[in-house]
Amino acid sequence: MSVAMPRTSTRGVVFIHSTPSSLCPHITWALESILGARVHLDWTSQPIAPGLVRAELSWTGEPGTGARLASALRGWDKLRYEITEEPSPGCDGSRWSHTPSLGIHHTWTSASGDAVINEDRLREVVTLAQGSPDAMQEMIEELLGVDWDAELEPFRYAGDGAPVRWLHKVG
């Protein structure tokens, strides 16, 4: 007799911080292809970047969905986004940040949303820094995504109070 194992699920949010409206249908199609369900995004103007729009979508799915969503949107010109995936049994949380000038950045996240740097990466920083505090600080800031946060923060702030739509994937 075989016993079906319960499926693990997680959830997260796709934050489209800014994009030209011409990309909106393409973004929607990309999200739908990964989530396997119809998606409706409420596009609103991005106050900090006239002519660009923003949207948010909360999702539920299998662990790894956040990485697939980030890959589907990666490299699109003039698109700023972040994707979060909450920790789930056996899986760390993650955040992917993308800007046109910096490309994509990934960091693992704790249950409280803090960036986490694993021990192998810290050992590498210590080795590469060769005792230089400035080099160590620069490498740790890169691992934490400081440049991505600095570029995205004004767009995050401009989106405060925007509507969030929840999408639950069943099955």
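The values are calculated or read from the model by the stated rules, or taken from the named source; none is laboratory data. Not measured: the values here are computed from a predicted model. Methodologically, a virtual Cβ is constructed for each residue, glycine included, from the backbone with ideal geometry; neighbour enumeration extends over all protein chains shown.
Within region 32-55, is even one residue among the polar types (S, T, N, Q) and under 22 Å from G145 (Cα atoms)? No, because not a single residue in region 32-55 is among the polar types (S, T, N, Q) and under 22 Å from G145 (Cα atoms).
On inspection, T19 qualifies as farther than 29 Å from I140 by Cβ and touching a Leu at 6+ places or on another chain (Cβ under 7 Å). Report yes if some residue within region 16-37 is among the β-branched types (V, I, T), at pLDDT 95 or above, in a strand (DSSP E or B) and under 25 Å from P87 (Cβ atoms); otherwise report no. Yes, because at least one residue in region 16-37 is among the β-branched types (V, I, T), at pLDDT 95 or above, in a strand (DSSP E or B) and under 25 Å from P87 (Cβ atoms).
Here Q46 meets the list (1) among the polar types (S, T, N, Q); (2) under 23 Å from H106 (Cβ atoms); (3) buried (at least 19 other Cβ atoms within 10 Å of the Cβ) almost entirely, failing just condition (2).
Within region 132-171, restricting attention to residues that are modelled with pLDDT of 90 or more and over 24 Å from G93 (Cβ atoms), the residue that is farthest from the chain's Cα centre (by Cα) is S132.
Test E119 against the stated conditions and say whether it is loosely packed, with under 15 Cβ neighbours inside 10 Å and closer than 28 Å to S9 by Cα. Break it down into steps so the answer makes sense when it comes.
Numbers: loosely packed, with under 15 Cβ neighbours inside 10 Å: yes; closer than 28 Å to S9 by Cα: yes.
Answer is yes for this residue.
The single condition from (1) among the hydroxyl-bearing types (S, T, Y); (2) farther than 23 Å from E62 by Cβ; (3) crowded, with 17+ Cβ neighbours inside 10 Å that S132 fails is (3).
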